[in-house]
Structures are given as structure tokens and as C-alpha cells.
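Below: the structure, in C-alpha cells.
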Amino acid sequence: MNGDTAAQTPTGTDLTARGGVGGPVLADQPSPALPGPRDPAGEAADGGPDAPDGPDAPDDPGGPDEPGGPAPDAPDGSIPAPPPPRPAWLRGLARFGYAPAPAATTAERLVPPMPDGPGVTPKRVPPSPLLLRLGLALPAPLWSWLCRWAGWLGPLAVTLFAGVLRFTDLGSPNAIVFDETYYAKDAYALWHGGYEISWPDGANEQIMAGGPVPYRSNPSYVVHPPVGKWIIGAGEQLFGMNPFGWRFAVALLGTLSVLMLARIARRLFRSTLLGCVAGLLLAVDGLHFVMSRSALLDLVVMFWIVAAFGFLLLDRDRTRARIAARLTALGDGGPDAGIAHRLNLGWRPYRIAAGVCVGLTCATKWSGLYVAAAFGLLTVLWDAGSRRLAGADHPYRWTLVRDAVPAFVSLVVVPVAVYIASWWGWFASSTVPNQGGYGRDWAVGRSTDFPWIPEGLRALWHYHSTVYDFHTHLSDPHTYQSNPWSWLVLGRPVSFFYESPKQGSAGCTVSECAREVLGIGTPLLWWTGAIALVYCLWRWAARRDWRAGAVLCGLAAGYLPWFAYQQRTIFLFYAVCFVPFLVLAVTMLLGALVGPAGASRDRRIIGGAAAGLVVLLIMWNFLFFHPLYTGETIPMEDWRKRMWFNTWI
């Protein structure tokens, strides 16, 4: 189920004229207060996931009867009281082109229709007035086909752009940069022996010289699970033990993550254009770009986090569509407490897929544990919000009764099984000392109070206890370590590679040059993201916008845990795990800047121009720093111009 068909939306509403292709951007969809006996004030205080779907959702949706006009007579002949006047702030917004959205049905509130796609976009779409003014008249069948498939064509075009950026000259610098010295070799060892080994002195030089890889069977103590290294090793198997080979798989995941985020943003904001904007912003983020071109684990962690979030979003829409269909089939389509209480949400394959992705996240780095906890809470809150919107009087109670156990299985039991399975190479290795994975022989012949636990699992548990001790006590100082308080403002980036070639070498045409790969985000994107986070906090707390809450949840899972380890040696590039959610926050802010679909033409032109200017400035900023992302040889003076702060050196 990809969400593009009308079958996913019980109403089958066509949104082409309300924000789909060929119409204004459906950046936000305000919804009226939930009908029924529940107290709206209680919902506002609850701050749950089912909130008005757009900025500035009015308390009074308005109507044909404005204050001061004659009120219609009641059926019994009496004259009813006039409707309450609209709030002053709402009347003020109207002067700037704001118009309240029409009331949505319960089904539409459960699953707002997608902006375009088969079954939603009409078979015949009117020509674009803008293209006609520019003298571009596409054949009607071609134009209609483009409109219908824009939800895939746009994200794929952005992904192609991201892929070209990431794969161009991927093997440069032709060197082992930063922590590639660990993961490139560990990946090779996993594919050739099933476990990491201790490499001889001079192994890096021998590998870069193109000679035989000095593989041996001596086990090595490593502190990260194997999945990310298995993925890096896949590229080495395809293209050899060289920089292009060990960077290939990570670059592929970085490119695919752009496609995933574009589709996620499209579903989250119900706007194909905003989805493409999100993908474009991720494509031109410097930190994501550098990490996509380096054989480190953190980009792999980010990929699985984004995949898990996307599957949970699919699960949310699918589940709410089932609820809407049941309300329509057994009632009038409105809230029904009986249905909301009894409804079994059934088989949920997308949530199980999310659990698999969470398990793969943890099996790449342990930081995925925080993602598992955050996403588990998120999906339970979404279920509670769905039941509340369907009419449940005590949604959290019924969610606990009906949904908590399946959620636990999907997002705890499944990830644990995936994590243990990821160590299959270690389990399969020999238990003879120094002939298998590190610590594989620990439990052999050792007495225990739990003899029913297999020796392999007991050995793995002991191994993990030592790894935990390592992670919690890692405090060796490093030149490029940074405090998480400085990450959003890019206080201290990480230099992955640096050379100072002289004239006549490495393409240097002046007396002194510089080559650097600097792990730093695109500054204007990150600084805009800091502002966007404030906006999302307001949207979530004051306007009860579930989309803002989802974005903040993903960002918090990847960011906030590091504040508990400020004494540790940590680096800015760990932040790549929450970069996609920072991009979603910026995209949400840009959607609000463009304005709702009901705003006046002038308001949307001005807002669209301002949002477009922000995107162009971010792209320019990426191009300005591009030489520092790729290790390009530039004059030393040009390098200094890009060192905006002393802490960047």
C-alpha cells in the first residue's frame, strides 16, 4: 500500500485543485474541533497526536453567517441567538489572506487524502496556467500522466540529483580517511571470516598500495555490532578493497535516504512539492553529503532510522484508514464509541517492518536503543489518538488493552530477534581460542547458574557487558570532539582529511593550497533548522499538530541522549542521525511560509517567493562549501574564506 490510491481514503476526495499538482501547495490542512461529547479543552491539554492538521487552525471554522448579519429563524419560529463573534486574531489573519478550511469529515480527519496519484488525480488535468503563460503547452495525455505520477517522478528526480552528487569522484580522496581505518578493514574481515580480526602493522599502506590484503585469523575486540560493517563490505565485494569499494554501499544508502525522506515528507505534509523540497534539502546538507561519501557507521544508522519512521507513518495511515472504513461500514461515518472500543486493528505488517528496521539500527550502533524507545511511544500515542478520534471515551485505556501487546512484539521482540541474528557470523565462528570471534570461547566449560542458556548467548552477553563498560567510560580527549550543545550551531566540525599541497602537486596552481574533507552541515540549513525547531515546538505545544510532534520525536531520539554522555568523547558527525528530522522541521516551516491553500493569491506568491529564496540560499551555501566536502584542491586563501569561525579550523 503506497498511499497514492483513493482506496486508502474512504472518501476518495480529489485534491488536485486543493494542493495537488497543478494547484496551490497543500502545505497544511486545518481541521475543525472533533465533534462529539468530548471536551475540546481537554483535547488541547492532552497534546496528543491527533491535532489540527494545519497552521492556525481556527477555533471557529466560520460560515456564511457573519457577526452583525441577520440570523435565520429557528424551526419553532423563535429567533436564535446570533453566533459568537470570531476572535480578533482570526479577523486579523483574514486581512492577510487567511481563509478557514472547509469542515472535514471524520474519515478525512483520520486519513487526509493524498495530493495526487492514481485514483486521486483526475484522468484529465487542466493545463497549468503558468506553463501556458510561458508558452509551454504539453499534450493533454502527457500532462495528465505527469500530474498523476508526480508523487514518484518528483522524488525520483531529486534522488537522481543526490546520487550524481554522491557518486561523482567517490574514490577521492584516494586514502583511508578518519575512522575508515576501522570499518573498511572490519567489513573485509566479516565477509572473509565472519568476525573482525586484528590487523598487522602497515596494513593500511599495503591496502592502499594495491597489494594483497594482509588478512589473518587473529580475533579483534570491537565495540560496535556488525550490520553496518556487513553493508560496507558488500561494496568491497563488488568493487574491491579500495576507497570506491568501501564507500559505495554507504553512498547508495545516502542516496536512497533522500528518496525515502521525499516520500515521507510528501505523506506527512500531504504535498508533493514539499516532499521534493525535503529531499532536495537533505541532498544538499553538507554533513549528510560527507557521511554518504565515507565508510563510517553513522550514515547506516540514519538510514535505518528513517526507514523505521517511514514504515510507522505508513502503518498510521493504513490503520486509520481501516478505522474510517469500519465507521463508514457500520455507522454513519461519524465517531462511534462502541466501534472505537471494540475495534481490533488486525495484522500490521508496516509496524513489523519498522521493528525490523529498529533492530537493524541497534545492530549497527547501540544508539538505536533510544530510537526503539521513542518510536515505540510514538506509535502507541498514534493508536490512542486514532481511537479517540473514532469516538473512544478513554482512548489510552483501550489502546493499552488492544494495542500495547502487539506494539511491544513489533518494536521490542522483533528488534531483539533481528539484533541477535545479526551476530550470526560470530556465532558460527570457532570456539577454539584465537580461532573464532573475540570472546566466542568465553562460556566454554564455564559454570553458570543458568545452564539452560546456550553457551553462545552467555558468551555474547559477557562480551556486551564489556562493550557497555567501554562506551560509558570512553573519555580520551580528541582534537575534534564537541559538546552536543554546540551541534545545532555547528560549533566544532570534524576534519576527516587534510593536506597542504604546494604549487605543482595535487592540482595546486598557487604557492600554497589546501585539501580538506570537513564533516560539517550546510550552515544556512542548520541555522534555519534551529529556528524551525522553535516553530515545531510551538506547533506541537500550542496547536496540537501531530506532524510537529512526530518530527520532534525523531529528532529527540537521535539528539537528546547525547546530553547524558557529555563527559564522553563524542563528535558532531553523530548528528547525521537526526539530520532528516531537522530537514523535515525546515520543510514544515517553509510550508507555513508559503501559506495554507485557502490563502489569497498575493499571500501565497509572497510566501512562495520567500520560501524559494531560503531554498536557493541553502543551495548556494552548499555549493560554496562543496570544495571542503570533497577534498578538492583550492588556494589556501579560498580555504580561509570558508573558515567562518576559529573553531572550524
| request: Net charge near Gly558: determine it from the other residues with C-beta under 13 Å of the C-beta of Gly558, scoring Lys and Arg +1 and Asp and Glu -1. | output: 0
| task | At 7 Å along the Cα-to-beta-carbon direction for both Ala88 and Thr479, put a label point, then send me their distance in nm to one decimal. | result | 6.0
| task | Provide the FRET efficiency to the nearest 0.05 for the Trp191-Tyr468 pair, computing r from the beta carbons and using R0 = 35 Å. | result | 0.85
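Taking the radius of gyration and the Kirkwood hydrodynamic radius from Cα positions alone, what is the Rg/Rh ratio for region 523-577, to two decimal places?
On the way: Rg = 12.9 Å, Rh = 12.5 Å.
Ratio of gyration radius to Kirkwood radius for region 523-577: 1.03.
So how many Å³ per residue does the convex hull of the Cα atoms of region 490-584 work out to? Numbers along the way, then the final one.
Working: hull volume 11.2 nm³, N = 95.
It is 118 Å³ per residue.
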| field | D (Stokes-Einstein, µm²/s), Kirkwood Cα radius, region 227-372, 1.002 mPa s at 20 °C | value | 125
| note | Plugging the Cβ-Cβ distance of Leu153 and Val444 into 1/(1 + (r/R0)^6) at R0 = 45 Å yields, to the nearest 0.05, a FRET efficiency of 0.20
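Mean projection of the alpha-carbon convex hull of region 155-313 over all orientations, in nm²? All intermediate terms of the calculation are to be shown ahead of the outcome.
On the way: hull surface 37.9 nm².
Over all viewing directions, region 155-313 projects a mean Cα-hull area of 9.5 nm².
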| query | If the cut-off is a Cα-Cα distance under 22 Å, which lysines reach Lys641, setting aside same-chain residues fewer than 8 apart in sequence? | reply | Lys502
| query | Once you list every other residue whose beta carbon is under 14 Å from the beta carbon of Glu499, what net charge do they have if Lys and Arg are +1 and Asp and Glu are -1? | reply | -1
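What is the gain in length, in nm to one decimal, between Leu142 and Asn344 on full extension, counting 0.36 nm per residue of separation less the C-alpha to C-alpha distance? The partial results should precede the final answer.
On the way: separation 202, 0.36 × 202 = 72.72 nm, distance 4.33 nm.
Result: 68.4 nm gained on full extension.
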| request: For region 190-274, just the Cα set please: Rg and Dmax, both in angstrom. | output: 17.9, 55
| According to a simple spin-label model (label point 7 Å from Cα along Cα-to-Cβ), what is the distance in nm between Asn434 and Arg397? | 6.6
| message | Restricted to Cα positions, what overall size does region 450-526 have along the principal axes? Three whole-Å values, descending. | response | 71, 32, 24
| note | Once the in-chain neighbours fewer than 8 apart are removed, the lysines whose Cα is under 17 Å from Lys229 read Lys185, Lys365
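Averaging over all projection directions, find the projected area of the Cα convex hull of region 579-629 and quote it in nm² with one decimal place.
Numbers: hull surface 15.6 nm².
Directional mean of the projected Cα hull area for region 579-629 stands at 3.9 nm².
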| message | Please give the Cα centre distance for region 311-376 versus region 483-553, rounded to the nearest Å. | response | 33
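What FRET efficiency comes out for the pair Trp527/Leu132, r = Cβ-Cβ distance, R0 = 35 Å, nearest 0.05?
Details: r = 39 Å, r/R0 = 1.11.
The formula returns an efficiency of 0.35 here.
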| request: Show me 349-355, 120-126 ranked by packing, highest mean number of other Cβ atoms within 10 Å first. | output: 349-355, 120-126
| said: List the residues, sorted by chain then number, that are 5 or more residues from Glu632 or on another chain and whose placed amide H is less than 5 Å from its amide H. | reply: Glu516
| query | Can you list the HN-Hα couplings for region 512-523, worked out from phi with the Karplus curve (6.51, -1.76, 1.60; θ = phi - 60°), rounded to whole Hz and with x for Gly and Pro? | reply | 8, 10, 9, 10, 8, 10, 10, x, 8, x, 5, x
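One-quarter of the Cα convex hull surface for region 381-513, in nm²? Spell out each step's value before the answer.
Working: hull surface 72.8 nm².
So the mean shadow area of the Cα hull is 18.2 nm².
Once you have the Kirkwood Rh of region 135-176 from its Cα pairs, apply Stokes-Einstein at 25 °C and 0.890 mPa s and quote D in µm²/s. Present the calculation step by step, with values, prior to reporting the outcome.
Details: Rh = 13.0 Å.
The Stokes-Einstein estimate is 189 µm²/s.
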| request: Work out, in µm²/s and without decimals, the Stokes-Einstein translational diffusion coefficient of region 551-649 at 25 °C, 0.890 mPa s, Rh from Kirkwood over C-alpha pairs. | output: 146
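Read-outs throughout are calculated quantities, based only on the coordinates presented, and are distinct from any laboratory measurement. If you're wondering where the values come from, they're calculated on a predicted model, not measured in any experiment. FYI the Cβ positions are ideal-geometry reconstructions off the backbone, even for glycines, and counts take in every protein chain you see.
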